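All remarks here apply to the structure that follows.
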Amino acid sequence: FLVAIYLLSRENKVKQELSAKTSEQERFFNNSIDMLCIADLNGYFKLLNPEWERTLGYSKTELMGKPFIDFVHPDDVESTTKAVADLSRKNKVSGFVNRYLHKDGSYRWIEWCSYPEGDLIYASARNITEYKKAEEALQKSEQLFANIYNLSPELIAVTSKKDGAIMIANPMFTKMLDYT
């Protein structure tokens, strides 16, 4: 009788510890600022954290009801399919970037770190849309500067603060002053 009581007590303690650990993991999963998911190799999400809803505007049910490839930008389908093939060959995929459809019709740039385990894919993903927009704006700005610098009819030169030596000069400067 005492053995039975001890075993029941021990079983209850194990259940409580398991429940506490499960709650801890759920809190971590649900409070991540990144998108976390588990998907299968057939292309369906199995588990998503709330960040997916915040990032893409769809409910978890909407996201899990369709193959994830349906949300991928058409220009990114081929590379995404290749990444999933790598995962099915048990290779980790890290730093992969594609675009996912937002419910409003726009796209979000997503960077992935995924690894396979059995028939499942465990992934964390980050919305890098603002970074991509900033990168695009910087490229446009650099191109504008290059056009002004190279095509300007004015003489443009950058000199050293230290000794006044010319560091760079635009084509009009070199042409007008006959310098190389």
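Values for this structure:
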{"quantity": "Accessible area expressed per residue, the chain, with surrounding protein chains retained (probe 1.4 Å, Å²)", "calculated": "70 Å²"}
{"quantity": "Two-decimal Rg to Rh for the stretch 95-141 - Kirkwood Rh, Cα set", "calculated": "1.11"}
{"quantity": "Heavy-atom accessible area ranking, 1.4 Å probe, most first, across 113, 37", "calculated": "113, 37"}
{"quantity": "Packing-based ranking, highest mean first, of 38-44, 160-166 given that Cβ atoms within 10 Å are counted", "calculated": "38-44, 160-166"}
{"quantity": "Pairwise Cα inverse-distance average, inverted: Kirkwood Rh of the chain (Å)", "calculated": "21.0 Å"}
{"quantity": "Pairwise FRET efficiency - residue 104 versus residue 40, Cβ, R0 = 41 Å, nearest 0.05", "calculated": "0.90"}
{"quantity": "Difference of contour (0.36 nm per residue) and Cα-Cα distance, residue 133 to residue 113", "calculated": "5.1 nm"}
{"quantity": "Within the accessible area of the stretch 74-180 (1.4 Å probe), percent carbon and sulfur", "calculated": "55 percent"}
{"quantity": "Principal axis dimensions, the stretch 18-117 - Cα atoms, whole angstrom, descending", "calculated": "44, 34, 23"}
{"quantity": "Lysines whose Cα lies under 16 Å from that of residue 132, excluding same-chain neighbours fewer than 8 positions away", "calculated": "140"}
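The values are calculated or read from the model by the stated rules, or taken from the named source; none is laboratory data. None of these values were measured; they are calculated from a predicted model. Reconstructed Cβ throughout: ideal geometry from the backbone, glycine too, with neighbour counts over all protein chains shown. Quick note on the areas: whole protein, heavy atoms, side chains included, nothing else; ligands and nucleic acids left out. Shrake-Rupley method; radii C 1.70, N 1.55, O 1.52, S 1.80 Å.
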